[in-house]
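Trainee: Handing you this structure, nothing more for now.
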There are 2 protein chains.
Amino acid sequence: MKKIDHFSPREIRSLVRKGKWDKPTAGLAMGYAQANLVILPQKYAFDFLLFTQRNPKPCPLLEVLEPGEYRTKFLSSNADIRTDIPRYNVYRKGELEATVKEIRDLWKRDFVTFLLGCSFSFEEALLRSKIPIRHIEENKNVSMYITHIPCKSAGVFHGPMVVSMRPFPPDRISPAVQITSRYASVHGGPIHIGDPLKIGIKNLKKPDFGDSVTVKKGEVPVFWACGVTPQAVVMEAKPDLCITHVPGHMFISDILNEELANP
Amino acid sequence: MKKIDHFSPREIRSLVRKGKWDKPTAGLAMGYAQANLVILPQKYAFDFLLFTQRNPKPCPLLEVLEPGEYRTKFLSSNADIRTDIPRYNVYRKGELEATVKEIRDLWKRDFVTFLLGCSFSFEEALLRSKIPIRHIEENKNVSMYITHIPCKSAGVFHGPMVVSMRPFPPDRISPAVQITSRYASVHGGPIHIGDPLKIGIKNLKKPDFGDSVTVKKGEVPVFWACGVTPQAVVMEAKPDLCITHVPGHMFISDILNEELANP
């Protein structure tokens with residue numbers, strides 16, 4: 001039997017749908033874009049769509065579905081957003097109520113689904129350019145932090161930007177900027193390079209999400225806007241209901257990362 | 001007295017606001033981005049925002065204002081969208097009802113304003129690279145055509161893509177693609193190069209909007225998605241009310257074209 005590492009996006013979604021894969025998706029279906037998920041009732045949809053328009057770095061939109069629609073069109077022609085994500089977080093009034101493996105029973109006809117780009121796409125581009133990434137070397141989840149950089153508010157949505165951090169030696173920073181800048185639809189170039197305190201991060205060793213990674217002597221922390229930002233924003237804005245993926249447990253699409261590169 | 005060509009964006013908006021400039025804005029405030037305008041009642045706002053997300057080439061969003069808001073934040077800190085555009089088209093149920101110089105009397109608290117990128121921005125980049133543009137040489141408005149390329153529909157909005165055409169000799173096509181591709185937020189690279197019939201244009205000499213320009217022997221017509229597309233879509237979707245700029249009579253912003261270039 002072939003290993004899951006060699007499964008196609010469709011095969012992995014099928015496993016997930018049957019409840020046979022509820023783990024993180026890093027390293028799966030290499031070459032294909034993975035996406036962050038946000039589902040909101042329709043009354044919040046305009047405000048949130050406007051929020052993504054004003055904050056394209058943390059919230060780069062890949063696809064938005066019509067109210068009630070759970071089948072994607074652009075990212076895949078045979079996916080069901082209610083079942084094809086390994087784990088979902090269900091927030092009510094900003095509080096995490098439950099973590100579940102499918103949301104068919106929760107689904108309502110006024111739900112609007114947003115799928116946002118994920119840094120896994122640009123990480124693959126870095127690896128292809130022989131730029132090693134620490135959390136992958138250490139077999140961990142990327143370090144993520146809530147900063148004091150405010151997102152631009154839109155309607156009821158406001159809150160701080162969440163960033164992911166990858167440490168690099170000084171001679172790797174410029175190529176890392178160049179390569180990731182080619183992927184505007186998956187967060188693009190870094191938003192901060194260097195001193196974590198400048199963006200409100202007091203202790204690099206204590207990330208708010210994900211794992212702590214080794215920062216070697218002489219290495220510089222480089223920070224990218226992160227698709228977990230909507231979860232921090234939902235915790236602040238407290239909509240009646242919001243369903244997201246569990247960080248690291250992404251939607252796997254049929255779109256190649258390369259298709260998402262800037263022209 | 002200095003000529004209007006040398007006026008700042010703020011000075012031109014002030015003239016427009018006082019009703020002293022109601023002509024096209026091509027060539028004014030060189031270096032600064034100009035924008036297409038679409039105003040819709042709030043009940044259409046989510047659908048139209050989704051339409052722009054799905055059709056970023058004809059509808060590249062520069063700024064969206066909250067319901068009722070007529071002051072821009074991003075494109076300028078001292079503009080009034082009700083008075084600062086030289087001429088407005090007012091559509092009711094898809095029919096052009098009037099062309100007016102200001103819309104203060106029409107303004108309603110549920111109006112949502114969308115400002116979209118304009119090809120004037122990439123034309124300036126072409127000129128700076130010494131690539132001449134025919135309609136500018138001939139002192140005309142660019143040729144625009146309704147194609148048979150369908151936009152991706154969103155809610156009530158659907159309709160054909162409108163394109164602008166600039167003819168180039170074969171050796172200029174590649175640089176024209178390269179340069180305009182750097183400006184994704186102002187339509188980006190061409191959507192079609194060559195045979196007009198392939199995109200449903202029967203007669204290059206009879207544009208649907210703007211002027212006819214000379215296409216010299218051996219030159220190839222190159223087509224870009226155009227910000228007049230929303231007007232064609234509004235004519236098809238027939239919302240109760242929609243207010244747009246009159247083609248060529250744009251909003252002049254305080255943002256430099258260079259600030260809109262891809263990283």
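The values are calculated or read from the model by the stated rules, or taken from the named source; none is laboratory data. Keep in mind that this is a model prediction, so the values were computed, not measured. Don't worry about glycine lacking a Cβ; one is built from the backbone with ideal geometry, like all the others, and counts go over all protein chains shown. Each accessible area value is taken on the protein alone, full model and side chains, heavy atoms only, with ligands, DNA and RNA left out. Shrake-Rupley method; radii C 1.70, N 1.55, O 1.52, S 1.80 Å.
Trainee: Within region B:123-145, does at least one residue satisfy the condition of being touching a Ser or Thr at 6+ places or on another chain (Cβ under 9 Å) and under 30 Å from A:VAL112 (Cβ atoms)?
Mentor: no
Trainee: For region A:173-187, indicate whether the set of residues that are more than 14 Å from chain B (Cβ to nearest Cβ) and under 21 Å from A:ASN36 (Cβ atoms) is non-empty.
Mentor: no
Trainee: Cβ-Cβ under 6 Å, sequence separation 6+ or interchain: first residue in region B:106-118 and more than 25 Å from B:GLY27 (Cβ to Cβ), partner of a type in the set (D, E, K, R). Which pairs?
Mentor: B:TRP107/B:ARG82
Trainee: If you don't mind, there's one more thing I want to ask. Considering (1) touching a Ser or Thr at 6+ places or on another chain (Cβ under 6 Å); (2) at pLDDT below 95; (3) not β-branched (Val, Ile, Thr), say which one A:ALA79 fails and leave the rest.
Mentor: (2)
Trainee: What's the number of the only condition in (1) free of Cβ contacts under 8 Å to residues at least 40 places away in the same chain; (2) more than 18 Å from the chain's Cα centre (by Cα); (3) crowded, with 18+ Cβ neighbours inside 10 Å that A:HIS6 fails to meet?
Mentor: Failing condition for A:HIS6: (3).
Trainee: Looking at A:LEU49, A:LEU37, A:LEU28, A:LEU62 in this structure, which one is assigned to a strand (DSSP E or B) and in contact with a helix residue (DSSP H, G or I) (Cβ under 7 Å, 6 or more places away or on another chain)?
Mentor: A:LEU62
Okay, residues lined up against (1) at pLDDT 95 or above; (2) within 28 Å of B:THR180 (Cα to Cα):
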site: B:SER14; (1), (2): yes, no
site: B:GLY27; (1), (2): no, yes
site: B:MET30; (1), (2): no, yes
site: B:ALA45; (1), (2): yes, no
site: B:LEU49; (1), (2): yes, yes
site: B:GLU63; (1), (2): yes, yes
site: B:GLU66; (1), (2): yes, no
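Trainee: Another question, then. Sort out which residues of region A:41-54 are open to solvent by less than 10 Å² (accessible area, probe 1.4 Å) and closer than 23 Å to A:GLU258 by Cα, and write them in order of number.
Mentor: Answer for region A:41-54, where residues must be open to solvent by less than 10 Å² (accessible area, probe 1.4 Å) and closer than 23 Å to A:GLU258 by Cα: just A:THR52.
Trainee: Against the definition (more than 25 Å from A:ARG17 (Cβ to Cβ), touching a Phe, Trp or Tyr at 6+ places or on another chain (Cβ under 9 Å) and modelled with pLDDT of 95 or more), how does A:ARG54 come out, yes or no?
Mentor: Spelling it out, A:ARG54 is indeed more than 25 Å from A:ARG17 (Cβ to Cβ), touching a Phe, Trp or Tyr at 6+ places or on another chain (Cβ under 9 Å) and modelled with pLDDT of 95 or more.
Trainee: Of all the residues that make up region A:100-130, how many are farther than 14 Å from A:HIS245 by Cβ and touching a helix residue (DSSP H, G or I) at 6+ places or on another chain (Cβ under 6 Å)?
Mentor: 8
Trainee: Okay, moving on. Quick one: what pairs do we get from region A:206-228, first residue at positive phi, second at pLDDT below 95 and part of a loop (DSSP other than H, G, I, E, B), C-beta under 7 Å, 6+ apart or different chains?
Mentor: A:GLY210/A:ASN141; A:GLY210/A:VAL142; A:GLY210/A:PRO247
Trainee: From A:TYR88, A:TYR70, A:TYR32, grab the single residue that is at negative phi, open to solvent by less than 20 Å² (accessible area, probe 1.4 Å), among the hydroxyl-bearing types (Ser, Thr, Tyr) and away from chain B (no Cβ under 12 Å).
Mentor: Within the list A:TYR88, A:TYR70, A:TYR32, the selection yields A:TYR88.
Trainee: How many residues, within region A:251-263, are part of a strand (DSSP E or B) and surrounded by fewer than 24 Cβ atoms within 10 Å (Cβ to Cβ)?
Mentor: Counting residues in region A:251-263 that are part of a strand (DSSP E or B) and surrounded by fewer than 24 Cβ atoms within 10 Å (Cβ to Cβ) gives 3.
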